[in-house]
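K.L.:
Before I ask anything, here is the structure I am working with.
Every number in this text was worked out from the coordinates using simple rules, so none of it is lab data. Everything quoted here is computed from the prediction, not taken from an experiment. Every residue, glycine as well, gets a Cβ built from its backbone with ideal geometry; the counts of neighbours run over all protein chains shown.
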Amino acid sequence: MKLIRTSLCAVLVGVGLAGCGSSVKLDEGAPVVNAKPSTAGGAGAAGSGATTSQSQVATVDATKLEASAASRFGRVVYFDFDSYAIKDEFRPLIEAYGRVLSTNKSKKMVVEGNTDERGGREYNLALGQRRAEAVVKALELLGAGNSQLEAVSFGEERPAVDGHDEAAWAKNRRAELKDR
């Protein structure tokens, strides 16, 4: 148990440091908005509907960012047996959804923790909860608000794949990010 806590702390510190050390890359395709109102057009330009508000652009950008994250990385984080440590291969997924949530504070998500069928019901519910909370904590370290996220556990009750072999179990040890 102490090893698991130590591993989780190390992963969370690593995710936090990776978030601090990364450079922000601008998306060249992002729309550019002039923050200063134009005085050349007078009232006619303001009433023409040609201007785009900052909130509309932010909503469009956040929607595009989320769609890009979902298509590139999916919405599922897989775990090793009896573990709730987030693997390095899922860091891009966590970082992408961290950006989505930090840029769109009205966005809310639920993280559903799941386990394979091995282990007792209570143990699996607790492990599923720890998996969901690990993902939530990683997202919060990247700028998501506490009120945007909810961690729930289904334990072994909602398998993604039916089966009694390692391939099926590996697909069932997961945390899923879903819109709330």
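K.L.:
Going by the structure shown, is Val76 crowded, with 18+ Cβ neighbours inside 10 Å and under 13 Å from the mean Cα position of the chain (by Cα)? Break it down into steps so the answer makes sense when it comes.
P.N.:
Numbers: crowded, with 18+ Cβ neighbours inside 10 Å: no; under 13 Å from the mean Cα position of the chain (by Cα): yes.
Against the criterion (crowded, with 18+ Cβ neighbours inside 10 Å and under 13 Å from the mean Cα position of the chain (by Cα)), Val76 does not qualify.
K.L.:
Identify all residues within segment 135-155 that are more than 15 Å from Ala175 (Cβ to Cβ) and either among the hydrophobic types (A, V, I, L, M, F, W, C) or touching a Cys at 6+ places or on another chain (Cβ under 9 Å) (or both); write none if there are none. Even if it seems obvious, please write down each step before you answer.
P.N.:
Initially, segment 135-155 is screened for residues more than 15 Å from Ala175 (Cβ to Cβ), giving 141-143, 145-148.
Across segment 135-155, the qualifying residues are Leu141, Leu142.
K.L.:
Please state which one of Ala134, Ala138 is over 24 Å from Asp165 (Cβ atoms), buried (at least 23 other Cβ atoms within 10 Å of the Cβ) and touching a Phe, Trp or Tyr at 6+ places or on another chain (Cβ under 8 Å).
P.N.:
Numbers: Ala138 fails: touching a Phe, Trp or Tyr at 6+ places or on another chain (Cβ under 8 Å).
So the residue among Ala134, Ala138 that is over 24 Å from Asp165 (Cβ atoms), buried (at least 23 other Cβ atoms within 10 Å of the Cβ) and touching a Phe, Trp or Tyr at 6+ places or on another chain (Cβ under 8 Å) is Ala134.
K.L.:
Which one of Ala134, Ala144, Ala168, Ala151 is touching a residue at least 60 places away in the same chain (Cβ under 8 Å) and either within 20 Å of Lys87 (Cβ to Cβ) or of a type in the set (D, E, K, R) (or both)? Spell out the reasoning first.
P.N.:
Working: Ala144 fails: touching a residue at least 60 places away in the same chain (Cβ under 8 Å); Ala168 fails: touching a residue at least 60 places away in the same chain (Cβ under 8 Å); Ala151 fails: touching a residue at least 60 places away in the same chain (Cβ under 8 Å).
Sole residue among the options that is touching a residue at least 60 places away in the same chain (Cβ under 8 Å) and either within 20 Å of Lys87 (Cβ to Cβ) or of a type in the set (D, E, K, R) (or both): Ala134.
K.L.:
Which condition breaks for Ser106 when tested against (1) within 14 Å of Gly145 (Cα to Cα); (2) within 11 Å of the chain's Cα centre (by Cα)?
P.N.:
Ser106 satisfies all of (1) within 14 Å of Gly145 (Cα to Cα); (2) within 11 Å of the chain's Cα centre (by Cα) except (2).
K.L.:
Restricting the search to segment 82-120, which residues are of a type in the set (Asp, Glu) and on the phi < 0 side of the Ramachandran plot? Show your work before the answer.
P.N.:
First, the residues of segment 82-120 that are of a type in the set (Asp, Glu): 82, 88-89, 95, 112, 116-117.
If the condition is that a residue be of a type in the set (Asp, Glu) and on the phi < 0 side of the Ramachandran plot, then Asp88, Glu89, Glu95, Glu112, Asp116, Glu117 are the ones that fit.
K.L.:
Here's something else I'd like to know. Would you confirm, using the coordinates I've provided, whether Asn124 is surrounded by 24 or more Cβ atoms within 10 Å (Cβ to Cβ) and within 21 Å of Pro159 (Cβ to Cβ)? Before you say what the answer is, go through the steps one by one.
P.N.:
Working: surrounded by 24 or more Cβ atoms within 10 Å (Cβ to Cβ): no; within 21 Å of Pro159 (Cβ to Cβ): yes.
Against the criterion (surrounded by 24 or more Cβ atoms within 10 Å (Cβ to Cβ) and within 21 Å of Pro159 (Cβ to Cβ)), Asn124 does not qualify.
K.L.:
Test Gly113 against the stated conditions and say whether it is out of contact with any Pro (no Cβ under 6 Å at 6 or more places or on another chain), under 20 Å from Val161 (Cα atoms) and crowded, with 21+ Cβ neighbours inside 10 Å. Before the answer, list the steps.
P.N.:
On the way: out of contact with any Pro (no Cβ under 6 Å at 6 or more places or on another chain): yes; under 20 Å from Val161 (Cα atoms): yes; crowded, with 21+ Cβ neighbours inside 10 Å: yes.
Taking the combined requirement at face value, the residue satisfies it.
K.L.:
Still on this structure: Among the numbered criteria (1) in contact with a helix residue (DSSP H, G or I) (Cβ under 9 Å, 6 or more places away or on another chain); (2) without any contact (Cβ under 8 Å) to a residue 60 or more places away in the chain; (3) under 23 Å from Ala167 (Cα atoms), which one does Ala126 miss?
P.N.:
(1)
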